[in-house]
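What follows is a single structure, written as structure tokens, with notes after it.
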Amino acid sequence: MFDTHVHTRFSPDSNLKIGELIQKSKDEKLGIIITDHYEFGSGKDCFRFNEKDYFDTLLPLRHERLLTGVEIGLNTLQPENLLAFLQKHSFDYVLGSIHTINDQALDQHFFSTHTKQEAYEKYLKHALFCLQAVPSINSFAHFDFISRYAPYPDPAMEYRQFSDLLDEIFKLLAERETALEINLRYSHPQYFSEYQKFYQRFKELGGKYVTIGSDAHSPGQIGRNLKTGYELAAYCSLSPVYFKERSPQFVHSAQCCAR
């Protein structure tokens, strides 16, 4: 199996050393794609790695089961710079994500001035605009990221509340044959039942592919709950893939059942 979402010391919110990642991959016979943060903007949450240091360190280590990617922070402020950055570098995998609404942080002030409905609609509309502006990602990460830190009594994103916007996002991804990530950072025993409706709808709207990632930021998080992710993909008849040289590689069912 492949864990397609792993952060290292090149992300400021991770303490994972490259040597620890390599050892974990060997010990667990696990494929890994490194996806450190690179954000465009000027806000306090604008994470970027040093490009030369990143590639000088990682490219000599790259092999069939250790690939080099990026988690690119999407926004509509600098789409031309973002596209130029992706054209400049030969990543195996580009994972698109939304961590802010342009330079507006998803913080206490934001949530205190928005109801849950207002906040989530604003986030999903922004996600749709970003995805329309940047067509060159391979997979869209944690579509419900905003719910991780929302202080509302019931922060979970429910499909029925936001079906129109979610359908537009899912249709766009399906039309481009872009994958939808199954992100397992905050999975729990109810993850399968609660999330199957999102991925089933993605399938109904023409979606084909999912990427499955732990969103690890420390050694013990690498590969966590991957089996749950692969089971969810199978239940929804979606094909798990990882990316090598920006092309999808299928994960065979035997590999999925091995963990």
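Here, each number is a calculation from the coordinates, and none is a lab measurement. Predicted, not measured: the structure shown is a model, and the values here were computed from it. A quick note on method: Cβ atoms are made from the backbone with ideal geometry, for glycine too, and the neighbour counts reach across all protein chains shown.
A few points about this structure:
- Placing +1 on the Cβ of every Lys and Arg and -1 on the Cβ of every Asp and Glu, with nothing else charged, gives the stretch 2-256 a dipole about its Cα centre of roughly 480 debye.
- Whichever aspartates and glutamates have a C-alpha closer than 18 Å to that of LYS116, once near sequence neighbours (fewer than 8 apart) are set aside: ASP107, ASP144, ASP154, GLU158, ASP164
- Between ARG9 and GLN132, the distance separating the two model label sites (each 7 Å from Cα on the Cα→Cβ line) works out to 4.3 nm.
- Taking the chain and dividing mean pair separation by its residue count, relative contact order in percent (alpha carbons under 8 Å, at least six apart): 21
- Over 31 Å (Cα to Cα) - which of LYS26/LYS52; LYS29/LYS52; LYS24/LYS244 fall in this group: none
- One compactness figure for the stretch 2-256 is 0.95, namely its Cα radius of gyration divided by 2.2 N^0.38 Å.
- Across the stretch 78-95, rounded Karplus estimates of 3J(HN,Hα) from the backbone phi angles (6.51 cos²θ - 1.76 cosθ + 1.60, θ = phi - 60°) give 9, x, 5, 5, 5, 5, 5, 4, 5, 6, 6, 10, 9, 6, 6, 8, 10, 9 Hz, Gly and Pro being marked x.
- Projecting the Cα atoms of TYR120, GLN132, LEU21 onto the dipole axis of the chain, where Lys and Arg carry +1 and Asp and Glu carry -1 at the beta carbon, places LEU21 farthest toward the positive end.
- Dipole of the chain, positive end: most advanced residue of MET1, LEU67, PRO248 [Cβ charges, Cα centre]: MET1
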